[in-house]
């Protein structure tokens, strides 16, 4: 009897990537092989994203591609919460489940492709990438990231009700993982060779709030379930620790000294969304922009190496030209290191869709272009200031002509890189000291100070 083979397409954010890794791990434990192409698959699972219209379109296109190439498709993930939409577009899919519906996904797989009578290790891959297998916990853990970095999800869901966001309706309210479970997972990843832990949740700084920040024990140590205690413990592991998706709560101030002391990376990913008080109020976001600027100044005084990443939305309903100019002025004053900008997307189910004075699409696009042009110049200036500095970098890729790495200021896939021309005796996952010799709008050019040719 041949081993049943499943193809897997993973779309969306890192939180969805972690969900994909869990499903793949369950599939392997049940004896399925993970196929590297559609033609070699008996069935295909598509883990979708449904956060904005572009993500919905990408997910529907991916489902169509899997149906065309294979014909037997199970859909899961955030867009799966809108099953009627999926079935209207693609009535021939075998099953549709929502996000984090791991038991339902496995039940659908078992129904349409029964597992073999005995389980085994069958290798793995993906129609859109290669999966790595690392030891973490009782099951061989499948990972979709390179071996030297991994996402560590510490919570599900979100308690905020931002008007532009539908995540709570898709993924529910905040549910934090027990701190001991998180630390066990992190230690297992580091023991397997992971050099960088990327800490994620929908709202990382709210970690433990749903549990009343209760006390717990890990290896006999009493620990408070909150982001500061978790960061301290993660900082004891032999790996970089990078925090993503930090909501600007007051307790974030307590993380900055940990960065200054070198326990966790001096990097803060804090989506601010806008700077106009009127727009922020309409978004149901914190609206005290002047306090944000004061906090940034204090944080940089405590930790001068701090890298700040943020994302913003332009074209939110009711945004005036004056509101947008306020945002540009904030950008100039804040001098953030890494910035993303999205035009408002009237995704189905978002409360903001009912607000008056929608911004025309051409105005959204024009504002986004102006925003990104200004940020590109800010980024160019800030990176140019790093010429001559010596940095520790983590190597991501190596070829005969150069290696590509990331500094403490660079998260994978969303930030810039450090490019080192030449052939060097070095491998992905290695740390290296380099000196910056040039820069562009997004990347640094460097040469090693401790590597061999």
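Computed from the coordinates by the stated procedures, all read-outs in this text should not be read as laboratory data. Owing to the predicted nature of the structure, the values given are computational and were not obtained by experimental measurement. Here the Cβ is made from the backbone with ideal geometry for all residues, glycine too, and neighbour counts use every protein chain on show.
Numbers for the structure displayed
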read-out	value
Compactness of the range 61-106 as Cα Rg over 2.2 N^0.38 Å, two decimals	1.05
Relative contact order for the chain, counting Cα pairs under 8 Å that sit 6 or more residues apart, in percent	10 percent
Computed lengthening from residue 290 to residue 348, 0.36 nm per intervening residue step minus Cα-Cα distance	17.6 nm
Largest-first principal axis extents, alpha carbons of the range 141-230, Å	41, 33, 19
Long-range tail of P(r) for the range 390-448 (Cα pairs > 18 Å, %)	20 percent
Pairwise label distance in nanometres, residue 380 with residue 335, each label 7 Å out on the Cα-Cβ vector	1.7 nm
Where labels lie 7 Å past Cα in the beta-carbon direction, separation of residue 363 and residue 110 in nm	5.5 nm
Inverse of mean 1/r across different Cα pairs in the range 169-305, Kirkwood, Å	16.1 Å
Alpha-carbon centroid distance for the pair the range 189-238 / the range 364-389, whole angstrom	34 Å
Of all DSSP beta bridges in the range 390-448, antiparallel share, percent nearest 5	90 percent
log10 of Debye I(q)/I(0), alpha-carbon scatterers only, for the chain at 0.08, 0.10, 0.13, 0.14 Å⁻¹	-0.50, -0.80, -1.35, -1.51
Fraction of beta bridges assigned by DSSP in the chain that are antiparallel (%, nearest 5)	45 percent
Debye log10 I(q)/I(0) at q = 0.14, 0.15, 0.19, 0.21 Å⁻¹ for the range 19-123, Cα point scatterers	-0.51, -0.58, -0.93, -1.12
Spin-label model distance (nm) - residue 300 vs residue 88, 7 Å beyond Cα toward Cβ	4.8 nm
Sequence of 259, 106 once ranked by neighbouring C-beta atoms within 10 Å, starting from the fewest	106, 259
Sorted by Cβ neighbour density within 10 Å, fewest at the top, the residues 312, 342, 164	342, 312, 164
Helix-only [θ]222 nm of the chain, DSSP H runs n ≥ 4, -39500 (n - 2.57) each, per residue, nearest 500	-9500 deg cm²/dmol
Extension gain, residue 68 back to residue 425 (0.36 nm per residue minus Cα-Cα distance, nm)	124.1 nm
Relative compactness, the range 136-384, computed as alpha-carbon Rg over 2.2 N^0.38 Å	1.07
Antiparallel DSSP beta bridges within the range 136-384, as percent of all bridges there, nearest 5	25 percent
Distance-filtered residues of the range 143-161 - backbone nitrogen under 13 Å, label point 7 angstrom along residue 191 Cα→Cβ	none
